[in-house]
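Visitor: Right, I'll just put the structure down here and ask away after.
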Amino acid sequence: MRQVYLDTFGCQMNVADTDRMELLLFHSGYIRTGEMQDADLVLINTCSIREKAEQKIYSLTGVLQPIKEANPDQIIGLTGCLAQQEGERLLKKMPFLDLVLGPDGVEDIARVVDEVREKKGPVVKVQFDADEGYKIPQVSSRTPLKIGPSAFVNIIKGCD
């Protein structure tokens with residue numbers, strides 16, 4: 001199985017979105033790792049409302065760039081509200097990024113990662129349809145997630 005490193009900055013909705021991405025990627029052949037440098041795919045789920053979270057993302061450049069240079073086949077992506085807000089501008093600030101995906105693209109994460117692998121270049125998908133609700137992923141009952149007494153549930157998407 002391929003490995004994915006997931007990290008979340010910002011609000012509780014981002015935690016729920018990261019959990020959904022993990023589930024969808026698990027059903028596409030990925031297992032979560034706690035080590036960024038071991039991952040085939042690194043996804044950082046971002047926030048644009050909480051200033052401290054945004055600053056942490058930009059400070060990650062010093063960590064992510066050398067990892068990408070050491071492993072050029074590794075896919076590195078930013079997801080979430082900062083990704084949606086900044087879009088293509090993120091590629092100028094962080095040219096090592098392979099994907100930029102807004103909160104509306106969570107359900108398509110596996111397909112977008114495949115697109116990056118096939119295209120061998122950055123993919124930016126930050127469209128936002130405020131009228132479209134969240135889709136419930138169609139996956140089997142197998143899950144990599146730890147089932148506990150509570151979980152975050154999104155009632156809106158994005159920061160709107």
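Coordinate-derived values only; no laboratory data. Keep in mind that this is a model prediction, so the values were computed, not measured. Note that each Cβ is placed from the backbone with ideal geometry, even for glycine, and that neighbours are counted across all protein chains shown.
Visitor: Where nothing but the Cβ of Lys and Arg (+1) and of Asp and Glu (-1) is charged, how large is the charge dipole of segment 1-134 around its Cα centre, in debye to the nearest 20? Please list the in-between numbers first.
Guide: Working: 15 positive and 23 negative charges, 88 e Å.
With Lys and Arg at +1 and Asp and Glu at -1, about 420 debye.
Visitor: Right, another one. Given the pairs LYS56/LYS125; LYS56/LYS93; LYS56/LYS119, which are separated by over 18 angstrom at their Cα positions?
Guide: LYS56/LYS125; LYS56/LYS119
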